Amino acid sequence: MLISRRQALLSGAALPLAAAAPSLVQAQAAPAASTLPTHRHFTLGDFQVTTLLSGSRRVENPQNIFGMNVDADTFAEVSAQNFIPTDAAQFFFTPTVLNTGSELILFDTGNDAAGITAALAGAGYTPDQITHVVISHMHGDHIGGLTDESGAETFANAAYVTGQVEFDHWAAAENEGFEAKVRPLAEKFSFIGDGDDVRGGVTSMATFGHTPGHMGYMLESNGSQLLLMADVANHYVWSVAHPDWEVLFDMDKEAAAATRRQVMNMAAADRIPLIGYHMPFPGLGYIDTRADDTFHFVPHSYQLI
């Protein structure tokens with residue numbers, strides 16, 4: 001059979017791509033195991049804010065935790081609208097470091113000392129550099145990193161700050177986590193109330209409900225603000241978008257819902273970015289209001305680089 005010059009050229013041109021194809025397919029068939037980042041730096045005025053991923057885990061049957069007061073069909077419909085499954089959720093645990101230039105302030109400590117220490121190292125910090133540890137509330141995933149498995153203090157050079165209402169509640173509750181992690185450090189704690197200056201540029205905000213004395217913290221530098229909302233909302237859809245949906249871990253569910261709605265309204269109206277301890281890492285985003293009386297979490301992209 002005679003082959004035209006055009007057919008020969010086309011056939012020859014295809015050879016390099018065909019030869020390369022097997023190795024290309026092979027590379028795609030064996031991807032490296034996925035890993036999550038340990039930290040993310042942001043700029044807020046003269047401050048550097050760093051979120052730390054101290055841990056992450058998959059949780060089955062999320063409606064056992066979120067949306068406990070809505071029916072399964074409503075939960076499924078909202079989840080589908082937001083492209084998330086109903087059989088499992090990914091949990092994130094995100095302490096935050098504030099570098100003011102003169103102080104290094106850590107907000108919450110994760111589940112354990114190993115996780116927070118590793119995340120700090122990834123961000124270029126060591127535990128002995130932390131000058132202050134500020135606790136939003138005393139659930140185990142926020143105080144777990146205060147000491148290691150032997151009971152040794154993780155942040156030996158730090159002073160400790162928390163809300164007076166929160167401390168008093170757990171001190172009287174005979175709680176195992178409090179007794180193991182907080183009680184041994186009690187003499188190093190100072191206590192605050194709503195609207196107190198924690199440090200320069202850090203103001204406390206009462207956000208009760210999730211726990212009896214849960215606190216948020218407003219950071220401010222050169223007119224720029226950022227709210228650390230901790231566990232005011234525990235999921236970017238099932239809590240942020242629907243603040244009235246009940247959450248298993250909220251100790252006073254009615255108060256927690258009212259606080260969520262108040263904080264979401266404030267963040268949306270004032271266009272204040274916020275960091276949520278359990279938001280998808282790196283945890284920073286904005287709140288937008290919707291016409292149907294819900295909210296929308298808008299993840300940070302490059303606004304605070």
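The values are calculated or read from the model by the stated rules, or taken from the named source; none is laboratory data. Computed from a prediction, not measured in an experiment: that's the story for all the values here. Don't worry about glycine lacking a Cβ; one is built from the backbone with ideal geometry, like all the others, and counts go over all protein chains shown.
Please determine, by comparing only the residues of region 124-134 that are in contact (Cβ under 8 Å) with a residue 12 or more places away in the chain and surrounded by fewer than 19 Cβ atoms within 10 Å (Cβ to Cβ), which one is nearest to MET205 (Cα to Cα).
THR131
Say whether the condition of being aromatic (Phe, Trp, Tyr), farther than 18 Å from GLY276 by Cβ and modelled with pLDDT of 95 or more is met by at least one residue in region 121-141.
Scanning region 121-141, I find at least one residue that is aromatic (Phe, Trp, Tyr), farther than 18 Å from GLY276 by Cβ and modelled with pLDDT of 95 or more, so the answer is yes.
Of GLU174, GLU187, which residue is modelled with pLDDT under 95 and not in a strand (DSSP E or B)?
GLU174
Do any residues in region 140-152 that are of a type in the set (Asp, Glu) have Cβ atoms under 7 Å from those of residues that are modelled with pLDDT of 95 or more and assigned to a loop (DSSP other than H, G, I, E, B), where the two are at least six apart or on different chains, and which pairs are they?
Sorted first by the residue in region 140-152, then by its partner, the pairs are ASP141/GLY110; ASP141/ASN111; ASP148/THR154.
Where in region 231-305 are there strands (runs of 3 or more DSSP E), lying fully within it, with 3 or more residues that are surrounded by fewer than 24 Cβ atoms within 10 Å (Cβ to Cβ) and touching a strand residue (DSSP E or B) at 6+ places or on another chain (Cβ under 8 Å)?
Strands (runs of 3 or more DSSP E) meeting the threshold: 284-289, 295-299.
If we scan region 144-160, do we find a residue that is of a type outside the set (D, E, K, R), within 23 Å of PRO212 (Cα to Cα), out of contact with any helix residue (DSSP H, G or I) (no Cβ under 8 Å at 6 or more places or on another chain) and assigned to a loop (DSSP other than H, G, I, E, B)?
no
Taking region 220-279 as the region of interest, how many residues are among the hydrophobic types (A, V, I, L, M, F, W, C) and touching a His at 6+ places or on another chain (Cβ under 6 Å)? Can you show your working first?
Just the residues of region 220-279 that are among the hydrophobic types (A, V, I, L, M, F, W, C), to begin with: 226-230, 232-233, 237-238, 240-241, 245, 247-249, 251, 255-258, 263-264, 266-269, 272, 274-275, 279.
Filter once more, so that each one left must be touching a His at 6+ places or on another chain (Cβ under 6 Å): 256.
Residues meeting the conditions: 1.
Filter region 43-79 for residues that are within 14 Å of the chain's Cα centre (by Cα) and part of a strand (DSSP E or B); which is nearest to ILE272 (Cα to Cα)?
Restricting to residues being within 14 Å of the chain's Cα centre (by Cα) and part of a strand (DSSP E or B), the top hit is VAL49.
Do you know which of the residues in region 64-117 that are closer than 20 Å to ILE143 by Cβ and among the aromatic types (Phe, Trp, Tyr) is surrounded by the fewest Cβ atoms within 10 Å (Cβ to Cβ)?
Per the stated criteria, the residue is PHE91.
In region 196-230, how many residues are under 30 Å from ASP73 (Cβ atoms) and in a strand (DSSP E or B)?
Matching residues across region 196-230 total 1.
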